[in-house]
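Structure, as structure tokens:
The values are calculated or read from the model by the stated rules, or taken from the named source; none is laboratory data. The model shown is predicted, which means the values in this text are computed figures rather than measured ones. Here the Cβ positions follow ideal geometry from the backbone for every residue, glycine too, while neighbour counts run over all protein chains shown. For accessibility, only protein heavy atoms count, side chains too; no ligands or nucleic acids. Shrake-Rupley method; radii C 1.70, N 1.55, O 1.52, S 1.80 Å.
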Amino acid sequence: MKKFVAVMSAAAMLASLTACGSADSTAVSSASASSAPAASSEAAEPAAKSYRIAVVQQLDHASLDQIRTAIEAELDAKAAEKGITIEYKDFNGQNDATTLNQIGTQVVSDQYDAVIPIATLAAQCMATACADSKTPVIYAAISDPAAADLTDIDYVTGTSDALNTESVMNMMLAVNPEIKTVGLLYSNSEANSQTPIAEAKAYLDSKGIAYVEKTGNTNDEVMTAAASLVGQVDAVFTPTDNVVMAAAAAVSDTLTKGGIPFYTGADSFVTAGAFATCGVNYTDLGTYTADMALDILETGTVPAYHVMDGGIITVNTETAAALGIDYAAFNELAGQVVEVTTAE
């Protein structure tokens, strides 16, 4: 159990950290304090508001970790700003539906005020678990909420990182107008991948460009699929696919060594070694999700889900150099081009 207590009128902070099994809990509180007892004639101040939020991450990988970190940083900041207490607890489903359903049962039993699931399977399991209690579910990073059956539910909302697949395809042609074949690498168990893969196929068909589909549902299967694309294709596309993201560093290395640019649906792929993406900023997405959750708790109103602004091209300069690609053409495709290197 990790607790951080901020006393707004005092000049000190107290923090303590202990182990808490497979879940971590953080209480962030801000309240007025006085160095002397209040006079008996003074009315007692009302107690500061307090909220308990469960943060349920589908699995560990860079994109979801980035979102969780941003969510919790914003909850900390809002607690201090508003003089309220926000206690949040982390849960991780390890990409297993049974584990996520058990977490959902625990969250409802422990009467959390809200749940923030990160990624599609986590959101689906939490929405089901909270059906009777109507505990607000504010999901993060669902590419296609309708396809995931997360729309038209009065206690469910959140943020979408819907991918502009056409923009990514345009990037491919901008740096290689002579492209002949594209590899589509994804997990067929990922709801996030269904729509963008269909969009990619339609785009490529319209341009007369061939494609090769390869799928995998485990790290080993994904790596085998990636390796099989070497020598067959001129570029590879993966959408915001959590299964492939878990193996992103190894996939990126394999494709780069094979001379194949790897285009993806999230900037965290690019910091893992992929060539480029055009999408949302996941820190901004996490921050927005946390703000939505707190607003729902304070107002009781659950708004429609929010699609985050995309249009940011992110390029790994090390990968570009290894592939010998001049990506200057990207400046004509987006308002912002961000250059990154591979994270250690």
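So, of the residues in the range 176-188 that are open to solvent by less than 40 Å² (accessible area, probe 1.4 Å) and within 28 Å of the chain's Cα centre (by Cα), which turns out to be farthest from Lys214 (Cα to Cα)?
Pass one, the range 176-188, residues open to solvent by less than 40 Å² (accessible area, probe 1.4 Å): 179, 181-187.
Those still in the list that are within 28 Å of the chain's Cα centre (by Cα) too: 182-187.
Working: Val182: 11, Gly183: 7, Leu184: 6, Leu185: 5, Tyr186: 7, Ser187: 8 Å.
Once the filter is applied, the top-ranked residue is Val182.
Is it true that some residue in the range 191-207 is part of a loop (DSSP other than H, G, I, E, B) and either within 25 Å of Val56 (Cα to Cα) or open to solvent by 60 Å² or more (accessible area, probe 1.4 Å) (or both)?
Let us first name the residues in the range 191-207 that are part of a loop (DSSP other than H, G, I, E, B), namely none.
Taking every residue of the range 191-207 in turn, none turns out to be part of a loop (DSSP other than H, G, I, E, B) and either within 25 Å of Val56 (Cα to Cα) or open to solvent by 60 Å² or more (accessible area, probe 1.4 Å) (or both).
Please state which one of Ala77, Ala174, Ala147 is closer than 28 Å to Thr218 by Cβ and in contact with a helix residue (DSSP H, G or I) (Cβ under 9 Å, 6 or more places away or on another chain).
Values: Ala77 fails: closer than 28 Å to Thr218 by Cβ; Ala174 fails: closer than 28 Å to Thr218 by Cβ.
That would be Ala147, the only listed residue that is closer than 28 Å to Thr218 by Cβ and in contact with a helix residue (DSSP H, G or I) (Cβ under 9 Å, 6 or more places away or on another chain).
Here is a check on your reading of the model: is Asp161 in contact (Cβ under 8 Å) with a residue 12 or more places away in the chain, within 24 Å of the chain's Cα centre (by Cα) and on the phi > 0 side of the Ramachandran plot?
Values: in contact (Cβ under 8 Å) with a residue 12 or more places away in the chain: yes; within 24 Å of the chain's Cα centre (by Cα): yes; on the phi > 0 side of the Ramachandran plot: no.
Judged against the criteria, Asp161 is not a match.
Looking at the range 115-134, which of its residues are touching a strand residue (DSSP E or B) at 6+ places or on another chain (Cβ under 6 Å) and assigned to a loop (DSSP other than H, G, I, E, B)? Walk me through it before giving the result.
Step one: of the range 115-134, the residues touching a strand residue (DSSP E or B) at 6+ places or on another chain (Cβ under 6 Å) are 115-118, 122-123, 126-127, 130.
Scanning the range 115-134 gives a single hit, Cys130.
Scan the range 192-202 and tell me whether some residue there is hydroxyl-bearing (Ser, Thr, Tyr) and either touching a helix residue (DSSP H, G or I) at 6+ places or on another chain (Cβ under 6 Å) or farther than 22 Å from Leu150 by Cα (or both). Step through it out loud before you land on a result.
Going residue by residue through the range 192-202, those that are hydroxyl-bearing (Ser, Thr, Tyr) are 193, 195.
Checking the rest, the ones that are also either touching a helix residue (DSSP H, G or I) at 6+ places or on another chain (Cβ under 6 Å) or farther than 22 Å from Leu150 by Cα (or both) come to none.
Within the range 192-202 (the criterion being hydroxyl-bearing (Ser, Thr, Tyr) and either touching a helix residue (DSSP H, G or I) at 6+ places or on another chain (Cβ under 6 Å) or farther than 22 Å from Leu150 by Cα (or both)), the answer is no, since none of the residues qualifies.
Which condition breaks for Thr69 when tested against (1) touching a Cys at 6+ places or on another chain (Cβ under 7 Å); (2) open to solvent by 60 Å² or more (accessible area, probe 1.4 Å)?
Here Thr69 meets the rest and fails (1).
Which residue out of Val315, Val302 is assigned to a strand (DSSP E or B), in contact (Cβ under 8 Å) with a residue 40 or more places away in the chain and of a type in the set (Val, Ile, Thr)?
Being assigned to a strand (DSSP E or B), in contact (Cβ under 8 Å) with a residue 40 or more places away in the chain and of a type in the set (Val, Ile, Thr) holds for just one of Val315, Val302, which is Val315.
Looking for something under 30 Å from Ile84 (Cβ atoms) and either open to solvent by 10 Å² or more (accessible area, probe 1.4 Å) or over 20 Å from the mean Cα position of the chain (by Cα) (or both) - is there at least one such residue anywhere in the range 309-325? Walk me through it before giving the result.
Within the range 309-325, the first condition is being under 30 Å from Ile84 (Cβ atoms), and the residues that meet it are 309.
Now restrict to residues that are either open to solvent by 10 Å² or more (accessible area, probe 1.4 Å) or over 20 Å from the mean Cα position of the chain (by Cα) (or both): 309.
Yes, some residue in the range 309-325 is under 30 Å from Ile84 (Cβ atoms) and either open to solvent by 10 Å² or more (accessible area, probe 1.4 Å) or over 20 Å from the mean Cα position of the chain (by Cα) (or both).
For the range 256-270, does any single residue satisfy the condition of being at pLDDT 95 or above and open to solvent by 40 Å² or more (accessible area, probe 1.4 Å)?
Scanning the range 256-270, I find at least one residue that is at pLDDT 95 or above and open to solvent by 40 Å² or more (accessible area, probe 1.4 Å), so the answer is yes.
Regarding the range 97-106, can at least one residue be identified that is in a loop (DSSP other than H, G, I, E, B) and either crowded, with 22+ Cβ neighbours inside 10 Å or of a type in the set (S, T, N, Q) (or both)? Let's see the steps before the verdict.
Within the range 97-106, the subset in a loop (DSSP other than H, G, I, E, B) is none.
No: zero hits.
Could you run through the range 270-297 and say how many residues are in contact (Cβ under 8 Å) with a residue 12 or more places away in the chain, farther than 14 Å from Leu163 by Cα and in a helix (DSSP H, G or I)?
Going residue by residue through the range 270-297, those that are in contact (Cβ under 8 Å) with a residue 12 or more places away in the chain are 270-294, 296-297.
Among the residues that remain, those that are also farther than 14 Å from Leu163 by Cα are: 270-275, 283-284, 286-294, 296-297.
Still in the running and in a helix (DSSP H, G or I): 270-271, 283-284, 286-294, 296-297.
Within the range 270-297, residues that are in contact (Cβ under 8 Å) with a residue 12 or more places away in the chain, farther than 14 Å from Leu163 by Cα and in a helix (DSSP H, G or I) number 15.
Surrounded by fewer than 24 Cβ atoms within 10 Å (Cβ to Cβ), within 24 Å of the chain's Cα centre (by Cα) and under 23 Å from Phe330 (Cβ atoms): does that describe Gly273?
In short, yes.
From (1) over 20 Å from Ala322 (Cα atoms); (2) assigned to a loop (DSSP other than H, G, I, E, B); (3) free of Cβ contacts under 8 Å to residues at least 60 places away in the same chain, pick out the condition that doesn't hold for Thr240.
(3)
Only residues that are more than 17 Å from Asp291 (Cβ to Cβ), open to solvent by less than 30 Å² (accessible area, probe 1.4 Å) and in a loop (DSSP other than H, G, I, E, B): list them for the range 84-96, please.
Gly93
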